[in-house]
1. Putting +1 on Lys and Arg Cβ atoms and -1 on Asp and Glu Cβ atoms, find which of Val84, Ile29, His64 reaches farthest to the positive end of the dipole of segment 2-91.
2. Give me Ser44, Ser71 ranked fewest to most by other Cβ atoms within 10 Å of their Cβ, as a rough exposure proxy.
3. Dipole magnitude of segment 2-91 about its Cα centre, charges +1 at Lys/Arg Cβ and -1 at Asp/Glu Cβ only, in debye to the nearest 20?
4. Compute the acute angle (0 to 90°) between the alpha-carbon long axis of helix 35-64 and the principal axis of greatest extent of the alpha-carbon atoms of the chain; round to the nearest 10°.
5. Beyond 18 Å, how much of the Cα-Cα pair distribution for the chain remains, as a whole percent?
6. Please state the relative contact order of the chain as a whole percent: Cα pairs under 8 Å, 6+ residues apart?
7. Counting GluC sites (Glu not before Pro) as exposed when in a DSSP loop with at most 12 other beta carbons within 10 Å, what is the longest stretch of the chain free of them?
Amino acid sequence: MSHVEKEKKKLLNRLKRLKGQIEALERAIEEDRECARVLQQATSCRGALDGFIAEVIEDHIREHMIDPGTSRDDPRTVAAEELVEIVHAYLT
């Protein structure tokens, strides 16, 4: 996963934010917060994890499916970029 090395700092920052959200969820449970608050925090965690997954998938597509030497008009490049948009739309 050499492409992850390029994005390592950004990905680690995302995970640190996610960790903070998980810890807040844990505190909400420990403090017997209302169900609506717990669910809101849980969906925030899910959104953050989906964003992380989308970022890794998008980086993977751009690194392994798009040849850096090809034109942006190349059919495979266009298809790969469309796939990135689809992933982004469904996970973020």
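1. Ile29
2. Details: Ser44 15, Ser71 9.
Going from sparsest to densest Cβ surroundings: Ser71, Ser44.
3. Roughly 380 debye for segment 2-91.
4. Relative to the chain, helix 35-64 is tipped by roughly 20 degrees.
5. The proportion of pairs with Cα distances above 18 Å equals 57 percent.
6. 30 percent
7. The answer is 35-92.
Only the coordinates and a few stated rules stand behind these numbers; no lab work does. From a predicted model like this one, the values you see are computed outputs, not experimental measurements. So basically every Cβ, Gly included, is an ideal-geometry build from the backbone, and we count neighbours across all protein chains shown.
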